[in-house]
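Novice: Provided herewith is a single structure, encoded as structure tokens, for subsequent inquiry.
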Amino acid sequence: MRDYDFTSIEAKWQKRWRDTGLFKVDVKDPRNKYYCLMMFPYPSAALHVGHGRNYIIGDVVARYKKMKGLNVLTPMGFDAFGLPAENAAIKNGIHPRTSTLNNIATMKEQLKAWGVEYDWDRQVTSCLPDYYKWTQWIFLKLYEKGLAYKKKAFVNWCPSCNTVLANEQVVSGACERCDTAVEQKELEQWFFKITDHAQRLLDDIEKLDEWPEKVKTMQKNWIGSSEGVNIDFPVVDSDIILTCFTTRVDTIFGCTYMVLAAEHPRVEDLVAGSPDRDRIMAFVSQVRRGSRIERASTESEKKGIFTGRYVINRMNGRKIPLWIADYVLMEYGTGAVMAVPAHDQRDFLFAGKYGLPIEVVIDDPKEPLTPGNMTEACEADGVLVNSGPFSGLPNREAMEKIADHMERENIGRRAVHFKLRDWLISRQRYWGAPIPMVYCDKCGMLPVPEKDLPVLLPENVEFRPTGESPLKFAEDFVRTKCPKCSGPARREFDTMDTFVDSSWYFLRFISPGLTDRPFDKTDVDNWLPVDQYIGGVEHAILHLLYSRFITKVLCDMGFVSFDEPFKRLFTQGMIVKDGAKMSKSKGNVVSPDGLIADYGADTVRLYTLFIGPPEKDAEWSDKGVDGAFRFIKRLWNLNELIENAPEKGSDAKSSEDLTRKMHQTVKKVTEDIDGEFHFNTAISAAMELVNLVYSGISEKGRGCFGKDLLKTVARNTVLLVAPFVPHIAEEMWEMMNEKESIFKASWPAYDKDMLLADTVEIPVQFNGKLRGKIEVKRGTDDDGVKAAVMSDPQISVHLSGKPVRKWIILKDRLVNIVV
RNA sequence: GCGGAUGUGGCGGAACUGGCAGACGCGCUGGACUUAGGAUCCAGUGGGUUAAACCAUGUGGGUUCGACUCCCACCAUCCGCACCA
């Protein structure tokens with residue numbers, strides 16, 4: 001028997017899969033459709049084994065579903081716009097397009113070497129005009145619906161990346177990419193009105209019953225809805241009415257002052273003419289300049305300034321001072337807060353610092369509070385006091401009554417506020433899809449007509465480390481004609497956030513070649529939602545939320561008929577090395593190239609899957625790869641084993657055991673894949689089966705198995721491991737005289753009646769402690785079991801002299817004797 | 001601070017609805033075959049003991065005939081959010 005020459009065997013099958021189009025589908029025939037999708041990657045230099053996990057998992061699922069008879073669509077593409085390529089261009093002068101396309105070529109080779117198979121005819125590359133034309137089209141559709149708008153706002157600015165960032169891209173006040181502290185800058189920017197869909201994005205999470213709870217919770221928290229009341233406070237000696245949002249309207253009678261955010265639009269009007277105006281505005285601009293990190297820090301002491309103004313609390317007619325403070329955020333609620341120091345910790349600290357009054361309005365009748373003795377705010381429930389007609393009510397009940405009263409008297413209105421902000425999509429960078437808008441001196445701002453798409457990115461631009469987008473200086477690009485009056489006009493030179501590109505790519509895979517539409521509605525409706533989406537949990541909020549939003553918009557506009565894009569989501573864990581995420585800078589990257597050369601792709605795949613449950617992080621061990629390689633060799637040598645096997649087995653019982661184990665293994669592997677993708681235990685089950693086959697070969701122990709039985713077992717084993725180790729499986733399948741690919745064969749079935757043996761070994765416990773085992777016929781009744789225990793000398797010694805209090809007998813499973 | 005997850009041998013990890021803790025693999029120990037092995041095969045491998053007893057699933061309690069699994073309290077680590085009114 002020849003050695004297992006993985007290099008040539010793997011090359012042979014990879015070529016054959018490509019030549020025969022293993023995963024080619026006809027989208028016009030959606031019967032038994034199964035859309036299996038892995039998140040498409042950003043084309044960075046080279047993949048490491050950590051990346052591989054994602055693609056290998058997806059490949060296993062695709063191959064398994066194919067063997068289950070489904071019509072599997074599994075495409076791949078590249079999220080090819082983005083900052084790194086542009087930054088590299090500034091450094092080394094290579095055009096982002098060139099480096100990106102090179103990286104894509106390298107990655108495709110790596111994926112193929114792993115034996116990860118896709119329908120490459122459907123490849124989408126988001127940086128190419130045939131794709132971004134339709135990204136721009138989506139922008140126009142949102143603009144048409146009033147869901148894309150431009151406004152001047154304080155935005156997150158990363159001084160290192162020289163661009164704005166979406167809220168979702170700011171992590172603890174720093175840029176998610178480079179960790180630089182994010183600044184606030186007032187700029188005119190393009191937004192998508194995702195907040196219009198906040199409630200729906202939140203409510204529909206309930207529909208996603210095949211998504212991980214963790215991801216759903218993260219999205220819920222990010223959208224962050226809270227219910228409360230918007231209350232109007234008229235400013236004394238002014239026409240201005242300030243509205244504040246509160247979730248604790250029950251504490252309204254304890255409101256002793258009001259606070260505005262420094263960014264509040266009425267600040268300037270309110271302090272105009274005040275003798276302290278300059279001092280106040282100096283404070284305001286100081287707060288506005290502060291970085292988000294400093295401002296968000298809970299540790300830092302709250303700072304504020306009195307405006308000299310007062311507002312009226314219309315519930316009791318009281319005049320209360322109006323302050324400006326750094327702890328109030330413009331981006332949440334209304335940017336104005338009613339302060340109740342007795343019942344809100346932040347207000348309590350602020351009041352203490354600036355000597356503002358504290359008034360208790362919710363009390364525990366058993367332990368009344370005295371404002372002077374309080375060391376912290378009391379945020380607990382209780383009964384209202386000092387609250388006019390509402391005194392004496394439990395506070396939860398009072399909330400409703402007061403809200404009703406306010407709505408009747410037009411003092412306030414019930415309201416829901418979200419943490420979710422509109423999605424800031426403009427980027428001051430070159431390597432992205434240009435925003436298809438034109439500014440004409442005469443006609444104003446206009447969208448580029450659909451027929452003029454794509455707005456092409458100019459190729460000949462200079463990449464200079466000036467911190468400004470090269471597009472801005474590309475005269476030929478910026479200068480254009482007004483689509484309405486044909487007069488001189490200039491183009492928008494900001495590009496779109498790359499998350500816009502990736503928020504619809506799963507639709508394009510269905511109709512990758514269409515030139516007159518982004519996708520075909522019928523086909524997309526037939527194939528979507530994606531049956532299985534696989535990717536990293538780092539996209540729990542960004543990409544997965546944006547994609548849900550865009551899908552809902554397209555659904556509302558009638559372009560698609562479904563409003564959630566991903567039916568089932570699987571988020572795999574990271575592979576770490578030496579306790580840290582693999583990264584070039586840490587120097588702990590494990591490249592698949594050398595491993596595949598030394599052991600073959602099947603071994604690398606097998607180890608990657610065997611390392612642990614795929615949803616959890618796992619530590620990579622080069623040694624572990626040896627174990628996988630050993631299994632591959634043992635699997636291969638089954639060929640030789642069969643050749644040398646006798647025609648007839650020599651021990652009927654061993655043969656029965658092996659047959660039973662085979663059926664059990666089919667059941668186990670099938671259930672592990674169908675369930676939570678527990679490939680690690682599926683593989684260990686296959687190993688156990690192979691181990692049992694080998695145990696029949698050794699001189700001692702069991703007798704030898706007959707040729708026919710071994711053939712049956714080997715055949716099933718090869719089928720079971722085919723999704724994990726496809727190359728060796730194909731080769732062995734072919735050696736079994738099969739003409740078609742193993743992935744066209746059906747997944748093996750097991751026989752329920754073959755799973756259980758006639759006799760069972762039952763553990764015998766005394767007071768819950770294991771003392772021995774008995775072997776009885778399956779189904780033996782309690783008396784029979786008792787008799788077996790009594791007659792076993794090893795076990796019955798434990799009975800001597802002790803009265804038995806109770807027998808606990810679980811049929812075929814366990815005996816416990818209480819003495 | 002809030003929310004979520006996870007704690008099992010030297011290591012990665014198994015364990016059904018509460019029922020033989022440590023499957024499978026790595027590593028390690030001994031042996032066989034070898035000129036040689038980082039190849040292959042065989043045996044062993046949680047601690048403890050000549051052998052038992054006994055001790056072991058983060059810690060401390062509880063429920064139960066019986067707890068990795070259920071309940072209560074705590075500790076540690078990781079992740080997400082974080083002045084959200």
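The values are calculated or read from the model by the stated rules, or taken from the named source; none is laboratory data. Values in this document were obtained by computation on a predicted structure and should not be read as measured data. Here the Cβ is made from the backbone with ideal geometry for all residues, glycine too, and neighbour counts use every protein chain on show. We work out accessible area using only protein heavy atoms, side chains counted, and drop any ligands, DNA or RNA first. Shrake-Rupley method; radii C 1.70, N 1.55, O 1.52, S 1.80 Å.
Novice: Among the residues of the stretch A:176-184, is there at least one that is over 28 Å from A:Tyr55 (Cα atoms), open to solvent by less than 10 Å² (accessible area, probe 1.4 Å) and of a type outside the set (D, E, K, R)?
Specialist: yes
Novice: Looking at (1) open to solvent by 40 Å² or more (accessible area, probe 1.4 Å); (2) part of a loop (DSSP other than H, G, I, E, B); (3) more than 9 Å from RNA strand B (Cβ to nearest atom), which one does A:Cys378 not meet, given that it meets all the others?
Specialist: (1)
Novice: Check A:Glu206 against each of (1) open to solvent by 40 Å² or more (accessible area, probe 1.4 Å); (2) at negative phi; (3) in contact (Cβ under 8 Å) with a residue 12 or more places away in the chain and name the one condition it does not meet.
Specialist: (3)
Novice: Would you list the helices (runs of 4 or more DSSP H) that sit entirely within the stretch A:1-104 and hold 3 or more residues that are touching a Gly at 6+ places or on another chain (Cβ under 9 Å) and either open to solvent by 10 Å² or more (accessible area, probe 1.4 Å) or β-branched (Val, Ile, Thr) (or both)? Explain how you work it out, then say what you get.
Specialist: Values: elements: A:6-20, A:49-67, A:83-92.
Fully inside the stretch A:1-104 and qualifying: A:6-20.
Novice: Sticking with this structure for a sec: Can we say A:Asp501 is free of Cβ contacts under 8 Å to residues at least 40 places away in the same chain and at negative phi?
Specialist: Values: free of Cβ contacts under 8 Å to residues at least 40 places away in the same chain: no; at negative phi: yes.
No: the conditions fail for A:Asp501.
Novice: Has the stretch A:199-209 got at least one residue that is under 30 Å from A:Tyr143 (Cα atoms) and in a strand (DSSP E or B)? If you could, list the steps in order and put the result at the bottom.
Specialist: Restricting attention to the stretch A:199-209, the residues satisfying the condition of being under 30 Å from A:Tyr143 (Cα atoms) are A:199-208.
With the extra rule that they be in a strand (DSSP E or B), the set shrinks to none.
For the stretch A:199-209, residues under 30 Å from A:Tyr143 (Cα atoms) and in a strand (DSSP E or B): absent.
Novice: Can you tell me which residue in the stretch A:210-237 is surrounded by the fewest Cβ atoms within 10 Å (Cβ to Cβ), limited to those that are of a type in the set (Asp, Glu) and away from RNA strand B (no atom under 11 Å from the Cβ)? Explain how you work it out, then say what you get.
Specialist: Here is the first cut: in the stretch A:210-237, the ones of a type in the set (Asp, Glu) are A:210, A:213, A:227, A:232, A:237.
Subset that is away from RNA strand B (no atom under 11 Å from the Cβ): A:210, A:232, A:237.
Details: A:Glu210: 13, A:Asp232: 16, A:Asp237: 8.
Selected residue: A:Asp237.
Novice: Taking the condition of being out of contact with any strand residue (DSSP E or B) (no Cβ under 7 Å at 6 or more places or on another chain), at negative phi and open to solvent by 60 Å² or more (accessible area, probe 1.4 Å), how many residues in the stretch A:349-358 meet it?
Specialist: Selection size over the stretch A:349-358: 3.
Novice: For residues that are without any contact (Cβ under 8 Å) to a residue 60 or more places away in the chain, part of a helix (DSSP H, G or I) and near RNA strand B (Cβ under 10 Å from one of its atoms), tally how many sit in the stretch A:238-279.
Specialist: The total comes to 0.
Novice: When the residues of the stretch A:686-713 are narrowed to those that are within 11 Å of RNA strand B (Cβ to nearest atom) and of a type in the set (Gly, Ala, Ser), which ends up modelled with the highest pLDDT?
Specialist: Initial filter on the stretch A:686-713 (within 11 Å of RNA strand B (Cβ to nearest atom)): A:686-702.
So of that shortlist, the ones also of a type in the set (Gly, Ala, Ser) come out as A:686, A:695-696, A:698, A:701.
Values: A:Ala686: 95, A:Ser695: 83, A:Gly696: 76, A:Ser698: 55, A:Gly701: 40.
Within the stretch A:686-713, the match that is modelled with the highest pLDDT is A:Ala686.
Novice: From A:Arg421, A:Arg413, A:Arg429, grab the single residue that is crowded, with 20+ Cβ neighbours inside 10 Å and of a type in the set (Lys, Arg).
Specialist: Checking each option against the conditions leaves just A:Arg429.
Novice: Can you give me the number of residues within the stretch A:712-741 that are assigned to a helix (DSSP H, G or I) and among the hydroxyl-bearing types (Ser, Thr, Tyr)? So that I can check it myself, show each step before the final result.
Specialist: As a first pass, look at the stretch A:712-741 and keep what is assigned to a helix (DSSP H, G or I): A:712-721, A:726-735.
Those left that are additionally among the hydroxyl-bearing types (Ser, Thr, Tyr): A:712, A:717.
Of the residues in the stretch A:712-741, 2 are assigned to a helix (DSSP H, G or I) and among the hydroxyl-bearing types (Ser, Thr, Tyr).
Novice: Taking into account only those residues within the stretch A:744-758 that are surrounded by 12 or more Cβ atoms within 10 Å (Cβ to Cβ) and within 16 Å of RNA strand B (Cβ to nearest atom), which is farthest from A:Lys777 (Cα to Cα)?
Specialist: Filtering the stretch A:744-758 down to residues surrounded by 12 or more Cβ atoms within 10 Å (Cβ to Cβ) leaves A:744-745, A:747-748, A:750-751, A:754-757.
Filter once more, so that each one left must be within 16 Å of RNA strand B (Cβ to nearest atom): A:755-757.
Numbers: A:Leu755: 15, A:Leu756: 11, A:Ala757: 9 Å.
Residue satisfying both the conditions and the ranking: A:Leu755.
Novice: A further question follows. Working only within the stretch A:238-253, note down all residues that are touching a Leu at 6+ places or on another chain (Cβ under 9 Å) and either open to solvent by 10 Å² or more (accessible area, probe 1.4 Å) or closer than 24 Å to A:Gly675 by Cα (or both).
Specialist: Residues satisfying the conditions are A:Ser238, A:Ile240, A:Phe253.
Novice: Within the stretch A:171-184, work out how many residues are near RNA strand B (Cβ under 9 Å from one of its atoms) and under 18 Å from A:Val287 (Cβ atoms). Working first, answer last.
Specialist: Looking only at the stretch A:171-184, we keep the residues that are near RNA strand B (Cβ under 9 Å from one of its atoms), and these are A:171-173, A:176.
Then drop every residue that is not under 18 Å from A:Val287 (Cβ atoms), which leaves A:173.
Residues flagged as near RNA strand B (Cβ under 9 Å from one of its atoms) and under 18 Å from A:Val287 (Cβ atoms) within the stretch A:171-184 amount to 1.
Novice: When you check A:Lys802 against the structure, is it open to solvent by 30 Å² or more (accessible area, probe 1.4 Å), assigned to a loop (DSSP other than H, G, I, E, B) and of a type in the set (D, E, K, R), yes or no? Spell out the reasoning first.
Specialist: On the way: open to solvent by 30 Å² or more (accessible area, probe 1.4 Å): yes; assigned to a loop (DSSP other than H, G, I, E, B): yes; of a type in the set (D, E, K, R): yes.
Considered against the rule, which asks whether it is open to solvent by 30 Å² or more (accessible area, probe 1.4 Å), assigned to a loop (DSSP other than H, G, I, E, B) and of a type in the set (D, E, K, R), A:Lys802 comes out as yes.
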